[in-house]
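Colleague: A single structure is presented below for examination.
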Amino acid sequence: AVGNWMLRSGVDRWLNRRPERFLIRYDDAWTVWPGVVHVRGFQIRGQTPSVQWWGSVDRGILWVRLWDLQDREFIAGPVQGEGVSFRLRRRADAPRKRTVTRRGLEPPIPGFSNPPARRPEELYPRSPPRRRRDPWHIRLADITFEDVREIWIEEYRFAGKARAAGGFDLTLRKSFQLDPTRLDVASGDLLLGDRPMLAGAKGKIQGRIEPFSPAEHRGWDVLRFVSGRTGFGGRVRSLEFLDLHFKKTQWLDMRSGGGPVDVDLRMGRGRILPGSRLEGRPEAVKVAFLDYNAEGSGTILWQVIEDKGDPEGRLALELADFHLQREGYGRPHVRGRGLRIEAVSPEPRVGRLFDPLRVAIELPRAEVPRLAFYNAYLPRQAGFELTSGSGVMTGRFQAASPDWKGSGDLRLAAPGIGARFEGKPLRGNLQLHTRLRQVDLKERRFDISGSQIELTDVRMQGGGAEAWWARAHLDQALLLPGRPIFLRAKVESTLSDVRPVFIFFAPEGRNRLVRWVEGLLDVQGVGATASFTLGDSYVDVANLAIAGGEAHLQGRLRFDDGDKRGVLLASYGRFDVGLELQGTERDWKILRPRKWFAEYPPFE
């Protein structure tokens, strides 16, 4: 009778003298046997200088050893409850805050704002020193909670149905320890705040907290005493939670549809141990890299491994089948298998499972079914276009934080392609090796110096029956996508002969003068150099120089909004001839062509 009178007449008011620091509420409580307490609608909340927390139990029953209360010991067990929820978040004004929770993902705590509108440290200042009695010792053993509905710690949230069993030992202001505790998940979802990570989860969590002093270790410092293991499986709804980790790169993000996933997370004294892993098989994965989107199906693996004694996190995404599409274009232009993206992070920890330091992309083999797609990258003013053919592409790329500068290369092999230059059709084989010597992804600046182009077995209209070949090397080349001038390059090359180059710019029809000059330039194996500038509306070729034996060809060319201009000087020994291009008009310069070429004004 006394126990029921106390429970129903205001024991909660005696406990709630400082509600901004600690508060207990319940809808109903009663006892039918001394030491056995039943409760319904139980809620408890509190805050320390570091954290805020809240818990609720729909129905509960506990057995209390009443005799020990006289010694300031609250010992209870077994403790049983149903319909359990628990939330914990870091205070926004907490001292020594080591991790930053993304706003909007942390749990709401009923009755508390974050930071608190009224700081309990100011409302309840410490009282003057006085002789204290021994602190209360609280021991709850053999705890069993059925129907655990929610556990929300910082931004990580479980919502579903689970069973918890364990116990703890607490001496106020002195020590705390968590007995070996187990959470069996029958079904539920794992979320990042309200964003789904894993659906239909089933598995178990086992762990313990070694004894520590709450006065000395607060907030995330407590993790150094935590050990345990988590193993469960389910179905991932999306990879949006991975995208949050890759936002800092600003040039790479990942998204996906659903798929099965298995998780094995191991912790020892606060450290996430090697052997921890997450493996999934999501569907409809989409990876955005700069202006390109790769889509397909594949697998994802996150794991913690030891590298030279130091743990690190590694994330690998592999698309078994994929297609690549440039933004703004209606259909993909590359198809392939085995696209692989790997990222490395420092040692993972709770609150920062993955923080990428290095990212690598590997394209082992992909098919470009229609090379004519790349006409979109070529200036219309150049008068060159691809008309037919396909190719095979491979590539690799890697970049590192914090400035996210990287390097790599891209190769394209395209046999039997068709093209047209100045209306003249030609066919041949292409080998392109683009060296990404230094790439600044934030500034979108690509140093492609050292890139190589090889043309073989090229045959063209008016070029004779013999095949032509050329090998070009970009000594200095800078690519700036989206800029008014997006490519500057200095090129050195070797040509099988110079006649096709001359024929490109000679007047229509093989008249006597053309055949005479062509005969003079019939030299095998010549070297060539030039400087290229490509802009949105023009192509400029300066310092063109081709030499082989006694044959030499010099020139400057500019294609600007359909206006073609150029000057060429062909020499063989002491014989010289010049050629001027103005639109479709060509004018031979026979009288003092060297002086004419040297004094010709620059193109504007």
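The values are calculated or read from the model by the stated rules, or taken from the named source; none is laboratory data. Small disclaimer: the values here were computed from a predicted structure and weren't measured. For neighbour counting, all protein chains shown are included, and Cβ atoms are generated from backbone atoms with ideal geometry for every residue, glycine included. In case anyone asks, the SASA skips ligands and DNA or RNA and just uses the protein heavy atoms, side chains included. Shrake-Rupley method; radii C 1.70, N 1.55, O 1.52, S 1.80 Å.
Colleague: For L172 and Q452, compute 0.36 nm times the residue count separating them, minus their Cα-Cα distance, and round to one decimal in nm. Don't skip to the end; give the middle numbers.
Modeller: Working: separation 280, 0.36 × 280 = 100.80 nm, distance 7.27 nm.
Length difference between fully extended and current span is 93.5 nm.
Colleague: Using +1 at the Cβ of each Lys and Arg and -1 at the Cβ of each Asp and Glu in the chain, identify which of G450, A159, A542 lies farthest towards the dipole's positive end.
Modeller: Comparing the listed Cα positions along the dipole, A159 ranks first.
Colleague: Can you compute the equivalent ellipsoid semi-axes for the chain, i.e. the square root of 5 times each eigenvalue of the Cα gyration tensor, sorted largest first and rounded to whole Å?
Modeller: On the way: eigenvalues 1209, 101, 67 Å².
Semi-axis lengths for the chain are 78, 22, 18 Å.
Colleague: On to the next question. Which net charge results for the neighbourhood of G296, defined as the other residues with beta-carbon distances under 11 angstrom from its beta-carbon, given Lys and Arg at +1 and Asp and Glu at -1?
Modeller: Values: positive: K286, R335, R337; negative: E283, E295, E318, D321.
That sum, taken over residues with Cβ under 11 Å, equals -1.
Colleague: Size of the stretch 325-456 along its principal axes in angstrom, Cα-based, largest extent first?
Modeller: 64, 29, 28
Colleague: When the dipole is taken about the Cα centre of the stretch 186-235, and only Lys, Arg (+1) and Asp, Glu (-1) are charged at their Cβ, what size is it in debye, to the nearest 20? Display every interim value, and only then the final one.
Modeller: Details: 8 positive and 5 negative charges, 54 e Å.
With Lys and Arg at +1 and Asp and Glu at -1, about 260 debye.
Colleague: Would you pull out the residues with amide H under 5 Å of V79's amide H, same chain only if 5 or more places away, H placed 1.01 Å from N?
Modeller: Distant-sequence amide H within range of V79: I143, T144.
Colleague: While we're on this one: May I ask you to derive the FRET efficiency for K424 and L290 from their Cβ-Cβ distance with R0 = 41 Å, giving the value to the nearest 0.05?
Modeller: Values: r = 35 Å, r/R0 = 0.85.
It comes to 0.75.
Colleague: Quick check on packing: order 69-75, 152-158, 310-316 by the mean number of other C-beta atoms within 10 Å, highest mean leading. Working shown, then result.
Modeller: Values: 69-75: 13.1, 152-158: 21.1, 310-316: 18.1.
Answer by packing, highest mean first, reads 152-158, 310-316, 69-75.
Colleague: Moving on to the next point. I'm a student and want to see the number: the projected area of the Cα convex hull of the stretch 30-79, averaged over all directions, in nm².
Modeller: Working: hull surface 18.2 nm².
Projected area, direction-averaged: 4.5 nm².
Colleague: From the backbone phi of the stretch 28-37, what are the Karplus-calculated ³J(HN,Hα) couplings (6.51 cos²θ - 1.76 cosθ + 1.60, θ = phi - 60°) in whole Hz, Gly and Pro given as x?
Modeller: Coupling constants for the stretch 28-37: 7, 8, 7, 9, 10, 8, x, x, 10, 10 Hz.
Colleague: Using a 1.4 angstrom probe on heavy atoms only, work out the carbon and sulfur share of the accessible area of the chain in %. Before the final figure, lay out the partial values.
Modeller: Values: 16800 of 31640 Å².
The nonpolar share, carbon plus sulfur, comes to 53 percent.
Colleague: Per the Debye formula with a single identical scatterer at each Cα and no solvent contribution, what log10 I(q)/I(0) holds for the stretch 268-396 at q = 0.13, 0.15, 0.23 Å⁻¹?
Modeller: -0.66, -0.79, -1.32
Colleague: Using protein chains only and a probe of 1.4 angstrom, how many square angstrom of L278 are accessible, to the nearest 10?
Modeller: It works out to around 40 Å².
Colleague: Per residue, how much accessible area does the stretch 302-439 show when a 1.4 Å probe rolls over the protein heavy atoms, in square angstrom? Intermediate results must be reported in sequence, preceding the final value.
Modeller: On the way: 6810 Å² over 138 residues.
Averaged over the residues of the stretch 302-439, the accessible area is 49 Å².
Colleague: Can you list the HN-Hα couplings for the stretch 146-162, worked out from phi with the Karplus curve (6.51, -1.76, 1.60; θ = phi - 60°), rounded to whole Hz and with x for Gly and Pro?
Modeller: Residue by residue, the stretch 146-162 yields 9, 6, 6, 9, 8, 9, 10, 10, 6, 9, 9, 9, 10, 9, x, 9, 8 Hz.
Colleague: Hey, another quick one. What percentages, rounded to whole numbers, describe P(r) for the stretch 259-322 computed over all alpha carbon pairs with 5 Å bin width beginning at zero?
Modeller: All Cα pairs considered, the percentages come to 4, 16, 21, 19, 14, 13, 9, 4, 1.
Colleague: With the cut-off at 15 Å, report for the stretch 519-578 the share of all Cα pairs above it, as a whole percent. Intermediate values should be presented prior to the final figure.
Modeller: Details: 944 of 1770 pairs.
Counting every Cα pair in the stretch 519-578, those more than 15 Å apart make up 53 percent.
Colleague: Ignoring ligands and nucleic acids, what accessible area does K589 show with a 1.4 Å probe (Å², nearest 10)?
Modeller: 50 Å²
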